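Chemist: Mind looking over this structure? Questions follow.
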Amino acid sequence: MNLHVNGENYQSDAGLTIGQLLKRLDLQAERVVLELNLNILNSTDNLNTELHEGDKLEIIQFVGGG
Amino acid sequence: MDSLVIAGRKFNSRLMVGTGKFSSNNAMQSAMEASGCEIVTVALRRVDINNPGDSMLQHIDRERYLLLPNTSGARDAEEAVRLARLARAAGCEPWIKLEVTPDPYYLLPDPIETLKAAIILVKEGFNVLPYMPADPVLARHLEEAGTVTVMPLGAPIGTNRGIRTRDLINIIIEQANVPVVVDAGLGAPSHAAEAMEMGADAVLVNTALADTANPAEMGEAFKKGVEAGRMAYLAGLGPQRGKAQASSPLTGFLREE
């Protein structure tokens with residue numbers, strides 16, 4: 001299936017969960033916050049949430065800023 | 001130094017520090033440490049999924065510093081509200097430095113969108129610290145909307161040009177019932193001291209600390225500038241005069257009259 005992750009196309013097998021995706025990207029759930037189709041998700045509570053064709057996922061983190 | 005109270009929370013330091021643009025996490029940490037700050041700002045951005053890197057949060061002691069996420073990058077109220085909600089979902093306390101800067105050249109805050117976002121975020125229970133043009137009328141509106149500070153700019157972000165909005169900030173300080181934090185443009189400890197001498201309650205500095213070869217020394221220099229300025233304000237500055245007033249006696253000169 002085709003996902004949009006942080007504005008980029010991302011191909012994956014059907015049934016991919018958020019936890020699996022984060023693992024693939026080498027990201028710990030605790031350090032990011034997620035927005036799935038404009039709905040905010042707590043990353044640690046949604047590790048088993050399955051992604052679907054066309055989903056738009058934003059993976060966001062804190063960076064330095066003034 | 002007397003303490004600063006924002007939204008009922010007490011702080012011993014009147015210097016807030018931004019964490020952007022440091023050459024390394026070590027440089028950032030040493031500047032924070034030396035500055036004595038208790039509030040540090042951070043931004044929210046997409047993870048680079050091709051190169052996630054490490055998380056800067058692991059370099060900030062959350063017991064010691066209040067993390068103040070900003071809404072930088074927001075071009076309108078809607079984007080700012082979205083970023084604020086994400087910051088809260090990320091586990092931050094509901095404190096938000098509201099920034100709406102649609103203009104990419106001077107990064108000047110949009111007064112209308114800032115006020116709109118402030119009204120929404122206050123209703124959602126955020127402690128809102130709005131970055132704003134040095135406009136006393138807008139400061140009133142933001143305060144009425146329930147923001148916990150007002151944060152007028154001294155000069156555009158990152159310019160190091162000091163307080164170019166002095167007369168307007170003076171009016172904001174005179175009228176405000178919430179702490180006034182001078183944000184943006186402060187490039188030297190003397191600028192920070194000037195803001196504090198004017199009666200500002202705090203200042204926020206980032207570029208001046210990040211954009212130097214010695215962030216720790218600059219952090220300490222700003223700490224001293226802020227403390228000196230606050231102390232002078234509390235002591236009460238003498239009046240300015242148009243004509244000279246001798247400091248030495250005007251009698252007993254060694255000359256014939």
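The values are calculated or read from the model by the stated rules, or taken from the named source; none is laboratory data. Predicted model only: the values in this text are computed from it and were never measured. In this analysis, Cβ positions are derived from the backbone assuming ideal geometry, glycine residues included, and neighbour counts consider all displayed protein chains. We work out accessible area using only protein heavy atoms, side chains counted, and drop any ligands, DNA or RNA first. Shrake-Rupley method; radii C 1.70, N 1.55, O 1.52, S 1.80 Å.
Chemist: Tally time: how many residues in the range B:92-118 are open to solvent by 50 Å² or more (accessible area, probe 1.4 Å) and within 13 Å of another protein chain (Cβ to nearest Cβ)?
Modeler: Just the residues of the range B:92-118 that are open to solvent by 50 Å² or more (accessible area, probe 1.4 Å), to begin with: B:93, B:102, B:104-108, B:111-112, B:116.
In the following step, the residues that additionally are within 13 Å of another protein chain (Cβ to nearest Cβ) were identified as B:107.
Looking only at that region, the number is 1.
Residues checked against (1) out of contact with any strand residue (DSSP E or B) (no Cβ under 9 Å at 6 or more places or on another chain); (2) modelled with pLDDT of 95 or more; (3) farther than 29 Å from A:LEU57 by Cα:
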residue: B:LEU66; (1), (2), (3): no, yes, no
residue: B:THR71; (1), (2), (3): no, yes, no
residue: B:ASP76; (1), (2), (3): yes, yes, no
residue: B:PRO111; (1), (2), (3): no, yes, yes
residue: B:LYS116; (1), (2), (3): yes, yes, no
residue: B:ALA139; (1), (2), (3): no, yes, yes
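Chemist: Among the residues of the range B:4-24, write down those that are under 19 Å from B:GLY185 (Cβ atoms) and over 14 Å from the mean Cα position of the chain (by Cα).
Modeler: Of everything in the range B:4-24, those that are under 19 Å from B:GLY185 (Cβ atoms) and over 14 Å from the mean Cα position of the chain (by Cα) turn out to be B:LYS21, B:PHE22.
Chemist: Could you grab me the full set of residues in the range B:57-95 that are within 17 Å of A:ASN42 (Cβ to Cβ) and part of a loop (DSSP other than H, G, I, E, B)?
Modeler: Hits for the range B:57-95 are B:ALA90, B:GLY91, B:CYS92, B:GLU93, B:PRO94.
Chemist: Can I ask one more? So in the range B:10-25, with the set limited to residues that are in a strand (DSSP E or B) and in contact (Cβ under 8 Å) with a residue 12 or more places away in the chain, which one is nearest to the other protein chains (Cβ to nearest Cβ)?
Modeler: B:GLY18
Chemist: I'm checking my understanding of the structure. Among residues of the range B:26-51 that are more than 9 Å from every other protein chain (Cβ to nearest Cβ) and of a type in the set (Ser, Thr, Tyr), which one is most open to solvent (accessible area, probe 1.4 Å)?
Modeler: Among those residues, the one meeting the criterion is B:SER30.
Chemist: Pairs under 9 Å by beta carbon, first residue more than 9 Å from every other protein chain (Cβ to nearest Cβ) in the range A:32-43, partner assigned to a strand (DSSP E or B) and open to solvent by 60 Å² or more (accessible area, probe 1.4 Å), six or more apart or different chains?
Modeler: Final answer for the pair search is A:LEU36/A:LYS56; A:ASN37/A:LYS56.
Chemist: If you go through the range A:50-62 one residue at a time, how many are away from every other protein chain (no Cβ under 12 Å), buried (at least 16 other Cβ atoms within 10 Å of the Cβ) and either over 9 Å from the mean Cα position of the chain (by Cα) or more than 15 Å from A:ALA14 (Cβ to Cβ) (or both)?
Modeler: 1
Chemist: A further question on this structure: Which members of the range B:70-87 meet the condition of being under 21 Å from B:ASN206 (Cβ atoms) and among the basic types (Lys, Arg)?
Modeler: B:ARG75 - this is the single residue of the range B:70-87 that is under 21 Å from B:ASN206 (Cβ atoms) and among the basic types (Lys, Arg).
Chemist: Just to verify a result, which residue in the range B:140-152, among those that are open to solvent by 10 Å² or more (accessible area, probe 1.4 Å) and touching a helix residue (DSSP H, G or I) at 6+ places or on another chain (Cβ under 7 Å), is nearest to B:ARG164 (Cα to Cα)?
Modeler: We begin by selecting, within the range B:140-152, every residue open to solvent by 10 Å² or more (accessible area, probe 1.4 Å); these are B:140-141, B:143-146, B:148.
If we keep only those that are touching a helix residue (DSSP H, G or I) at 6+ places or on another chain (Cβ under 7 Å) too, we end up with B:140-141, B:145-146.
Values: B:ARG140: 21, B:HIS141: 22, B:ALA145: 27, B:GLY146: 27 Å.
So, considering only residues that are open to solvent by 10 Å² or more (accessible area, probe 1.4 Å) and touching a helix residue (DSSP H, G or I) at 6+ places or on another chain (Cβ under 7 Å), the one nearest to B:ARG164 (Cα to Cα) is B:ARG140.
Chemist: For B:ASP54, only one of the following conditions fails: (1) surrounded by fewer than 16 Cβ atoms within 10 Å (Cβ to Cβ); (2) away from chain A (no Cβ under 11 Å); (3) in a loop (DSSP other than H, G, I, E, B). What is its number?
Modeler: (2)
Chemist: Which residues, counting only those in the range B:196-209, are part of a helix (DSSP H, G or I) and open to solvent by less than 10 Å² (accessible area, probe 1.4 Å)?
Modeler: B:MET196, B:ALA208, B:LEU209
Chemist: Quick check on my filter: what residues within the range A:1-27 are in a loop (DSSP other than H, G, I, E, B) and facing another protein chain (nearest Cβ under 8 Å)?
Modeler: A:ASN6, A:GLY7, A:LEU25, A:ASP26, A:LEU27
Chemist: OK, next. Does at least one position in the range B:137-146 carry a residue that is more than 26 Å from B:LYS21 (Cβ to Cβ), in contact with a Gly (Cβ under 6 Å, 6 or more places away or on another chain) and β-branched (Val, Ile, Thr)?
Modeler: Of the range B:137-146, the ones more than 26 Å from B:LYS21 (Cβ to Cβ) are B:137-146.
From the residues that got through so far, the ones that are in contact with a Gly (Cβ under 6 Å, 6 or more places away or on another chain) too are none.
Among the residues of the range B:137-146, not one is more than 26 Å from B:LYS21 (Cβ to Cβ), in contact with a Gly (Cβ under 6 Å, 6 or more places away or on another chain) and β-branched (Val, Ile, Thr), which makes the answer no.
Chemist: Something else: Scan B:THR149, B:THR159 and give me the residue that is under 19 Å from B:VAL17 (Cβ atoms), within 14 Å of chain A (Cβ to nearest Cβ) and not charged (D, E, K, R).
Modeler: Testing whether each residue is under 19 Å from B:VAL17 (Cβ atoms), within 14 Å of chain A (Cβ to nearest Cβ) and not charged (D, E, K, R) leaves just B:THR159.
Chemist: Do you know which of the residues in the range B:57-69 that are more than 9 Å from chain A (Cβ to nearest Cβ) and of a type outside the set (A, V, I, L, M, F, W, C) is most open to solvent (accessible area, probe 1.4 Å)? Before the answer, list the steps.
Modeler: Restricting attention to the range B:57-69, the residues satisfying the condition of being more than 9 Å from chain A (Cβ to nearest Cβ) are B:59, B:61-66, B:68.
Then drop every residue that is not of a type outside the set (A, V, I, L, M, F, W, C), which leaves B:59, B:61-65.
Values: B:HIS59: 45, B:ASP61: 76, B:ARG62: 107, B:GLU63: 174, B:ARG64: 108, B:TYR65: 15 Å².
Looking at the filtered set, the residue picked out is B:GLU63.
Chemist: If I ask for residues that are within 22 Å of B:LEU107 (Cα to Cα), open to solvent by 30 Å² or more (accessible area, probe 1.4 Å) and in contact with a helix residue (DSSP H, G or I) (Cβ under 9 Å, 6 or more places away or on another chain), which ones from the range B:166-195 would you list?
Modeler: Matches in the range B:166-195: B:ARG166, B:LEU168, B:HIS191.
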